[in-house]
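I'd like to ask some things about the structure below.
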Amino acid sequence: MADRITLSGMKFFGRHGLLPSERSRGQRFLVDVEVETDLGEAGRTDALSKTLDYRKIYAATREVAEGPPFSLIEAVAEAIASRVLVLPRVHAVTVRVRKPEVVLGGPLEAAMVEVRRTRTPA
């Protein structure tokens, strides 16, 4: 599928991490969600009912990112992908989760994971 909707650079405050200090103080997480869907009919008709409502993608992402903590950002990405993938019209989803305040002993812009999941044919 060549058509995509991308919500890039969503910023959330969460308490994900292995360390107790990460969970107690929390930190920023940056999330990108790229959804593969057919945008042809939406483009031809200019009708919201023929595409994905971006608010639903954002809400699903926010629920996970600001919700109960996970130890790993891999689990955060997987949970977001699972919630977005069940939305109508979604064929596949790619989720990138960045943790800019990760402490690894030296300069680092962010730790990031990326997962891609596809809908299982019915």
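Can you tell which of 47, 77, 92 shows the greatest fluctuation in a Gaussian network model of the chain with Cα springs below 10 Å?
47
If you don't mind, another one. Let me have the relative contact order for the chain, percent, based on Cα pairs under 8 Å that are six or more residues apart. Provide the component values of the computation, followed by the final result.
Numbers: 233 pairs, mean separation 32.4, N = 122.
Reported as a whole number, the value is 27 percent.
Given the options 96, 44, 83, which has the most mean-square fluctuation in a GNM of the chain, springs set between C-alpha atoms less than 10 angstrom apart?
Comparing 96, 44, 83 in the GNM, the peak value goes to 44.
Sticking with this structure for a sec: Using label points projected 7 Å from each Cα along Cα→Cβ, tell me how many nm separate residue 102 and residue 58, to one decimal.
2.7
Between residue 13 and residue 50, with labels modelled 7 Å along Cα→Cβ, what's the label distance in nm to one decimal, could you check?
4.2
Next question, about the same structure. For residue 49, what is the net charge nearby, where nearby means another residue's Cβ is under 15 Å from its Cβ and Lys, Arg count +1, Asp, Glu -1? Intermediate values should be presented prior to the final figure.
Working: positive: 44, 50, 55, 56, 89; negative: 38, 41, 46, 53.
Around residue 49, the surrounding residues sum to +1.
Tell me the mean residue ellipticity at 222 nm calculated for the chain from its helices only (DSSP H runs of n ≥ 4, each -39500 (n - 2.57), averaged over every residue, nearest 500). Write down the numbers at each step before the final one.
Numbers: 4 runs with 37 residues, N = 122.
Result for the chain, helices only: -8500 deg cm²/dmol.
Along the three principal axes, how long is the chain when you take its alpha carbons, biggest first, rounded to the nearest angstrom?
51, 27, 23
State, to one decimal in nm, how far the label point of residue 6 lies from the label point of residue 74, with both points 7 Å from Cα in the Cβ direction.
2.5
Also, I was wondering about something else. Placing unit charges on C-beta atoms (Lys and Arg positive, Asp and Glu negative, everything else neutral), compute the dipole magnitude of the chain about its Cα centre in debye, rounded to 20.
Details: 19 positive and 16 negative charges, 54 e Å.
Around 260 debye, computed over the chain.
Additional query: Of the candidates 106, 67, 43, which one comes out as most mobile in a Gaussian network treatment of the chain with C-alpha springs shorter than 10 Å?
In the Gaussian network model the winner is 106.
Each reported figure results from applying straightforward, stated rules to the coordinates on display, with no laboratory input. Here the structure is a predicted model, which is why all the values come from computation and not from measurement. Reconstructed Cβ throughout: ideal geometry from the backbone, glycine too, with neighbour counts over all protein chains shown.
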